[in-house]
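Structure first, then comments.
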Amino acid sequence: MTGHTLQYLREADVVFGIGCSFTRHGMAASIPAGKTLIHATNDERDLNKNYAADYPLLGDARLVLRQFIEAVKSQGGRPAGRENVRAELERVRAAWLAEWAAALGSKEVPINPYRVIAEFMRTVNPRDAIVTHDSGSPRDQLLPFYRAVSPRSYLGWASRMHSAPGSAHHRRQARRPDKFCVNFMGDAAFGMTGLDFETAVRCGTPILTVVLNNSAMAIEIPHLVVSHDKYGARDIGGRYADLGRAMGGWSERVEQPEDIAGAFARARKATESGQAALLEFITSQETRFSNRGALR
Ligand SMILES: Cc1ncc(C[n+]2csc(CCOP(=O)(O)OP(=O)(O)O)c2C)c(N)n1
């Protein structure tokens, strides 16, 4: 999670969840004890499921929020001190981003995956994009840093490897043909469902698949220890851009950090001309994550 999420979850008196499930899960941030919890959801099964809500609200998020706004207005409008909250949030966010500046701007070869994410955000306006990801390190690297600014433009937190190309495909085809639909995945994730890329080619669905190829299952480094020592269980390999081309799509393999932005621009052009595109970035086995598991 982001630095400001961690700080505010720790310090807040009140936590207001809107349209969320408040599921207690090993991969999700836990809500620390002692908070006043307001839980608004349209699914009654989630109310009081894992956390006892002080104020459970069953309703559509838009309607609930409208009523909240009316209630605040009827009590005299904006609460005092709101500007201070915004400034404080910006300050905490900037301090957190400063801790990650070296990774996000890294000139390392093999490319640091955080640099790929930073360049993507620099080149693509999030209003034009729908972004999704597979499980594995790309999920945990993208999740804290990608800033979605419009509804349904980020399909996050898949915990199964196999979802990303299919999700991007469906988004592009069925829902938002005007959007740049992009899925991020690792090389092992590609090993599971990479051939879905051929579905996109065959159906004429111009998505972009981004493969962060670190020749390993890096997220398994702490887990697959014995099997890796004995049998090299975490190692994998392949030339995924070549595979993308063999399946009939547009593709490029990128090895230098200074080529990332140009590659994203060319891939986007390819999708705009109707081609499914695949970008393979040769990346390092980065194992640092932002506040992962900080509130288990
Ligand atoms: C269907 C399925 N099988 C296994 C897992 C467990 N798992 C999560 S991530 C991962 C490896 C991911 O490796 P890769 O895609 O190369 O990404 P990396 O962490 O190396 O960047 C595995 C085996 C899972 N989440 N889903």
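The values are calculated or read from the model by the stated rules, or taken from the named source; none is laboratory data. Because the structure is predicted, anything quoted here is derived from the model rather than measured. Heads up, the Cβs are rebuilt from the backbone with ideal geometry, glycines too, and the neighbour counts pull from every protein chain shown.
Considered as a group, the residues in the range 113-144 that are assigned to a loop (DSSP other than H, G, I, E, B) and away from the ligand (no atom under 12 Å from the Cβ) include one that is surrounded by the most Cβ atoms within 10 Å (Cβ to Cβ), and that residue is Val124. Put simply, of Thr205, Thr193, Thr271 the only residue that is in contact with a Leu (Cβ under 8 Å, 6 or more places away or on another chain) and buried (at least 16 other Cβ atoms within 10 Å of the Cβ) is Thr271. Is it fair to say Phe68 is outside the structural domain of Ile219 (by TED's automatic domain parsing), part of a helix (DSSP H, G or I) and not charged (D, E, K, R)? Taking the combined requirement at face value, the residue satisfies it.
Look at (1) more than 8 Å from the ligand (Cβ to nearest atom); (2) hydrophobic (A, V, I, L, M, F, W, C); (3) at pLDDT 95 or above and you find that Ala168 fails only one, number (3). Figure legend. Inter-residue proximity from the range 277-296: first residues not assigned by TED's automatic domain parsing to the domain that holds Ser106, second residues β-branched (Val, Ile, Thr) and surrounded by fewer than 20 Cβ atoms within 10 Å (Cβ to Cβ), beta-carbon distance below 7 Å, spacing 6+ or different chains. Indicated pairs: Thr287/Ile221; Ser290/Thr2. When each of Ala261, Ala233, Ala270 is tested for being over 30 Å from Gln7 (Cβ atoms) and out of contact with any helix residue (DSSP H, G or I) (no Cβ under 6 Å at 6 or more places or on another chain), the lone residue that passes is Ala270.
Every residue, every condition in (1) over 25 Å from Thr193 (Cβ atoms); (2) touching a Ser or Thr at 6+ places or on another chain (Cβ under 7 Å), yes or no:
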{"site": "Gly249", "(1), (2)": "no, no"}
{"site": "Val254", "(1), (2)": "no, no"}
{"site": "Asp259", "(1), (2)": "yes, no"}
{"site": "Phe264", "(1), (2)": "no, yes"}
{"site": "Glu272", "(1), (2)": "no, no"}
{"site": "Ala276", "(1), (2)": "no, yes"}
{"site": "Phe281", "(1), (2)": "no, no"}
{"site": "Glu286", "(1), (2)": "no, yes"}
{"site": "Phe289", "(1), (2)": "no, no"}
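In the range 187-236, how many residues are part of a helix (DSSP H, G or I), at pLDDT below 95 and either more than 8 Å from the ligand (Cβ to nearest atom) or more than 18 Å from Met247 (Cβ to Cβ) (or both)? The total comes to 9.
Residues of the range 101-112 that are in contact with a helix residue (DSSP H, G or I) (Cβ under 6 Å, 6 or more places away or on another chain) and away from the ligand (no atom under 16 Å from the Cβ): Leu104, Lys107.
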